[in-house]
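Below is one structure, written out as structure tokens, with a few remarks after it.
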Amino acid sequence: MRKLYYSSGSMLVGDVTCKAVLRYARALADVGKSDIVTVPVVTDAGSNAYAHLLIGPASQLFSIPVENSHGDEPLDEAAIAHIELETRRMQPARPSWDEEMTDITDVDFLDLPGPS
């Protein structure tokens, strides 16, 4: 689980979700566009919910790992697949993350289910 900092706040998200959001934010910044994404999060009370984020060229996002996180990470494979599909549309080739966020297993968006 990771704490994703966005604007003046933060939210708890799963590792795969965080990596997909950061990858999409980078792709959007590269082409000078913005978008709203919906991601699964863990609320301050510990329940699962969804957050809506406006990300684009001016977004200042960063994340840190959460130590001793309890419970299952929030995961919505359809949401991740949508974010990864949009990332792929922004860039003709898959972005290289060889040296970035190596503590998180890489997302292979080609294996994720497509949008319904």
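The values are calculated or read from the model by the stated rules, or taken from the named source; none is laboratory data. These numbers were taken from a predicted model, which means no experiment stands behind them. All Cβ positions, glycine included, derive from the backbone under ideal geometry; neighbour counts span all protein chains shown.
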Selection count where residues are among the aliphatic types (A, V, I, L, M), modelled with pLDDT under 90 and in a helix (DSSP H, G or I), scope the stretch 66-105: 1
Number of positions in the stretch 25-46 that are in a helix (DSSP H, G or I), among the charged types (D, E, K, R) and surrounded by 14 or more Cβ atoms within 10 Å (Cβ to Cβ): 1
The stretch 20-72: number of residues that are among the hydroxyl-bearing types (Ser, Thr, Tyr) and touching a residue at least 60 places away in the same chain (Cβ under 8 Å): 3
Count - residues of the stretch 1-30 that are touching a Pro at 6+ places or on another chain (Cβ under 7 Å), of a type in the set (D, E, K, R) and farther than 18 Å from Ala79 by Cα: 0
Which numbered condition His52 fails, given (1) surrounded by 19 or more Cβ atoms within 10 Å (Cβ to Cβ); (2) touching a strand residue (DSSP E or B) at 6+ places or on another chain (Cβ under 8 Å): (1)
Qualifying residue in the stretch 47-65 (condition: more than 26 Å from Arg88 (Cβ to Cβ), over 14 Å from the mean Cα position of the chain (by Cα), small (Gly, Ala, Ser) and in a loop (DSSP other than H, G, I, E, B)): yes
